[in-house]
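Undergrad: So that we are looking at the same thing, I have put the structure below in structure tokens.
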Amino acid sequence: MGLPVELHFSIPAQLQFLPFLLLLCCLRVPVAPSAPASLAPPPGPGGGGGAELRKNVHARRYRYRAVVFQSGAVVQQLCSVCVFVVTWWYMDAGMLSPQGLFGAALVSSLLGYVLFDAVDGGAGRRESGRTRWADLKSTLVFAAFTYGFSPVLKTLTESISTDTIYAMSALMLLGHLIFFDYGANAAIVSSTLSLNMAIFASVCLASRLPRSLHAFVMVTFAMQIFALWPMLQKKLKAQTPRCYVGVTVLFALAALAGLATVSSVGAVLFASLLLAISCLCPYCLIRLQQLKDNIHGPWDEAEIKEDLSRFLM
């Protein structure tokens, strides 16, 4: 009998795991990849979501004339800044005396004061309970305080260069326009900050005028055009819209006429800006409103509509 012969084969290490790989390939079950949640199609009518699909639920529809009317507040503030800067330029050039500006401002303030009460028949004054004697005392205190500190205002920025003063004034007036209350309910609106920035710009510019009397008249004029004038305009807008439109147009023409005496190119550019704000921007808003397409449905976040004020007591 022949002896059994033992045969030894050396299997390469790379082929030792081949059976396991073949077994895994045979047992593998193909699964279709799921689409991401953001790319998944919305549920159809049978899925319970198509019937609840809503579009432009909270969209506001604007009319062109209404938007043009509301843009008058922006136009007026731009014109107020323009009138203030042109007036300062005339005083700095010696073409306008402080006595003349103070007299004109005093007459216009008296007329505006009478008109402020005549628009609503004094109803606003009766609701506030403020008397004319209180208004007169406030005016006298402000005038005396400003006149007493006018020498300080004149020498307040002597150590600062003129270019820096002009740059700060421009930034403050720009901030005044940004934060002014145009009637929108937004977090950026701050009437107090807007008025303070305008007064700060007037103090900076008044410090570059020749005398202390110039500084006093300039700050007083700034208070009239940036604080009192918008109050009158808001009342005109609420009580007599047609009169408000007429005053806005006349005020814009006066600002353009004054700017044209200083720079014709500046007057053309400023007129283009006013037309763009009052005519072109409302038209663009109406056109873009037609392209608005917001969808609402079951996928929106939940909103708590229950009155929770009782928990805040």
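The values are calculated or read from the model by the stated rules, or taken from the named source; none is laboratory data. None of these values were measured; they are calculated from a predicted model. Here the Cβ is made from the backbone with ideal geometry for all residues, glycine too, and neighbour counts use every protein chain on show. Heavy atoms of the whole protein, side chains included, go into the accessibility calculation; ligands, DNA and RNA do not. Shrake-Rupley method; radii C 1.70, N 1.55, O 1.52, S 1.80 Å.
Undergrad: So which residues in the range 127-177 are of a type in the set (Val, Ile, Thr) and either in a loop (DSSP other than H, G, I, E, B) or closer than 15 Å to MET223 by Cα (or both)?
TA: Correct list: THR131, THR139, VAL141, THR146, THR155, THR157, ILE160.
Undergrad: For residues that are touching a residue at least 40 places away in the same chain (Cβ under 8 Å) and not hydrophobic (A, V, I, L, M, F, W, C), scanning just the range 140-151, find the one that is most open to solvent (accessible area, probe 1.4 Å).
TA: Result: TYR147.
Undergrad: Quick check on SER190: is it surrounded by 15 or more Cβ atoms within 10 Å (Cβ to Cβ) and out of contact with any Leu (no Cβ under 9 Å at 6 or more places or on another chain)?
TA: Yes; evaluated as a whole, the condition is true for this residue.
Undergrad: Kindly establish whether VAL245 is open to solvent by 50 Å² or more (accessible area, probe 1.4 Å), hydrophobic (A, V, I, L, M, F, W, C) and at pLDDT 95 or above. If you could, list the steps in order and put the result at the bottom.
TA: Working: open to solvent by 50 Å² or more (accessible area, probe 1.4 Å): yes; hydrophobic (A, V, I, L, M, F, W, C): yes; at pLDDT 95 or above: no.
Here the answer is no, as VAL245 does not meet what is asked.
Undergrad: In the range 261-294, what residues are within 17 Å of LEU78 (Cα to Cα), under 21 Å from the mean Cα position of the chain (by Cα) and open to solvent by 70 Å² or more (accessible area, probe 1.4 Å)?
TA: LEU273, LEU275, LEU280, CYS281
Undergrad: Provide a single number: the residues in the range 93-139 that are closer than 24 Å to SER80 by Cα and either of a type outside the set (D, E, K, R) or loosely packed, with under 14 Cβ neighbours inside 10 Å (or both).
TA: Residues meeting the conditions: 29.
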